[in-house]
Amino acid sequence: MITSCYCYTKLRSCFLLSSRRSVLSNLVLYQNRRIPPRKFSSRAVVKSPILKMGTPVNDYECMFGKEIFKTVTMLQIGAPGADSLRDVAAIMKEVTVEHFSTFAQRNEEILQYQNARGDPGLIEELSKFLTNDIYREPVDSDDLYINNGASAGVWDLLMRYLLPGDTVFVEDPSYKAIVPRLQESEFNLVGVPMDEEGMRMDRLEEKLAQTKMRTPSERFPFTAVVYLVPVFHNPTTKNMSAERQRRLVDLARKYDLLVISDDVYNLLCYRSPESNDPETARPPKRLFAFDDKKDPAYKGNVVSSGTFSKFLGPGLRLGWYEFPPRMQKWHRSHYVFDSGAGKNPYSGALVGLALKKGLVQQHVKNTRVMYAERIKACHDIILSTVGKLGVKCHLPDGGAFLWIELPGSTTSSQVLEASKASVRFLPGHLASPTGSFKNCIRICITWYETKELLAGVKDLCGYIEQVVRK
Ligand SMILES: Cc1ncc(COP(=O)(O)O)c(C=O)c1O
């Protein structure tokens, strides 16, 4: 069930809410074009638990009422859909019952403060799962720290390791929820262009040379952060090449950079050079593994940030870091881990049990098969309907998105306008620190069941055609 609360937390990051600026520009769009106001009954607004919670409500938060889902196709939502979450609910029910029926002492433990690293059972099972089923290269359980998911995990790192005025380099475009947050933060946000091989290292090097950075100290050992999504990138779906990843590790060592690799989509892999089978395909090697501990120049500059949100459920609020050894020591003394102790012992232990029983592994396989079919079907529709008009869309080997590039001077805002905002998507420029990519559209394939999704994508293509042919 989609609760209003759920919608609040997730949709807050969707495009209409992703920044004050975007909200305002959408308002202008509506007003100029006399698009009728959205159909939200006052009943839906009054019923919203957000109101009851006393949270300020604006026009956009009213969208969190269920009405919107009946009238608008939401291709922007980057979350698992109800069909997938129903299966996760069954898994969680099974392990909850089993846990509380059997392991008496553990019942108390998982309700208690925990060690800084998180549930030991989960850490053990997670390292086996990532090593054997996903990456097929060693993931050392000693490097794993459980956290509350990638958003909180990444933000905690920025708070812990940066000082006001320090620079955060991101891909242009980058993850749409972090861009406006960094723009309004006390950090200096710098976008680095991408190409087919991911973030351009020549441009990063140029920007590093132009950026004033402080001298590293024991307490603040990194001079700046590079935040990126190297595998199945959000929003462009590209993968960073192995050569670029090696180069980035070299630069990180040279300039004492902290590289935060947001590895949230790696597990959603549908094809790889060795396998066309989504059950067995192996994602590209993660950046963390390029910062090889056996290297004579090794210092430990890369953190991998993982999450259970994309292949189980965001409501678990569960993710993990893979930390280099030197960061483990610093992190244990971080206030959040020290005072708050381990993150999410309760969900952590239950997911650990689900991993031990092989339930997560099976769910991941099923999800990959389902998403692989969906993404291919959406891609086929796009190419067969608007491909001939010069619309470009690459079929990615994994991830949750398709990135659509409109031809000529066509913009995503024109498409939104043509649909009278009845088909929503992420306009590319909202993910760009420089406001570029106005001709790009990101759609997500995970939220709707296949039939509804394909109908929504057909509608979208119809509006694209209408605008391009004008
Ligand atoms: C790149 C990226 N990072 C982080 C997140 C959020 O992850 P979590 O739910 O673990 O906070 C998302 C989800 O949309 C994402 O696309």
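Derivation of every value follows stated rules applied to the coordinates shown; laboratory data play no part. The shown structure was predicted, so the numbers you read here are calculated from the model rather than taken from an experiment. So basically every Cβ, Gly included, is an ideal-geometry build from the backbone, and we count neighbours across all protein chains shown.
Filter the trypsin sites (Lys or Arg not before Pro) in segment 187-250 down to the DSSP loop ones having no more than 15 other Cβ atoms within 10 Å, then list what survives. Each step should come with its number before you reach the end.
Working: sites: 200, 203, 207, 212, 214, 219, 238, 244, 246, 247; in loops: 200, 212, 214, 219, 238.
Loop-located and lightly packed - 212, 214, 219.
The antiparallel fraction among DSSP beta bridges confined to segment 93-360 stands at about 35%.
How big is the Rg/Rh ratio for segment 233-331, C-alpha atoms only, Rh by Kirkwood, two decimals? Working shown, then result.
Details: Rg = 14.7 Å, Rh = 14.9 Å.
Reported Rg/Rh, Kirkwood definition of Rh: 0.99.
Remark: the chain is approximated by an ellipsoid whose semi-axes, taken from the C-alpha gyration tensor as √(5λ), come to 34, 28, 23 Å, largest first.
If you average 1/r over every pair of different alpha-carbon atoms in segment 93-360 and take one over that average, what Kirkwood value in Å do you get?
Working: mean 1/r = 0.0522 Å⁻¹.
Result for segment 93-360 stands at 19.2 Å.
Can you give the net charge of the other residues whose Cβ lies under 13 Å from the Cβ of residue 203, counting K and R as +1 and D and E as -1? Walk me through the numbers before you get to the answer.
Details: positive: 200, 207, 244, 247; negative: 171, 172, 195, 197, 202, 205, 206.
Residues close to residue 203 contribute a combined charge of -3.
Of the cross-linked pairs 238/470; 207/285; 93/365; 293/343; 392/470, those separated by over 23 Å at the C-alpha level are 238/470; 207/285; 293/343. Take the Cα coordinates of segment 226-274, assign each an equal point scatterer, and use the Debye formula without solvent to give log10 I(q)/I(0) at q = 0.13, 0.19, 0.24, 0.28 Å⁻¹. The calculated log intensity ratios at q = 0.13, 0.19, 0.24, 0.28 Å⁻¹ are -0.34, -0.67, -0.95, -1.12. Segment 65-135 and segment 207-271 have their alpha-carbon centroids 28 Å apart.
Give the separation of the Cα centroids, segment 334-377 to segment 389-445, in Å. So the separation of the two Cα centres works out to 30 Å.
Based on other C-beta atoms within 10 Å, arrange 451, 420, 343 from fewest to most.
Values: 451 8, 420 14, 343 27.
Fewest-to-most Cβ neighbours within 10 Å comes out as 451, 420, 343.
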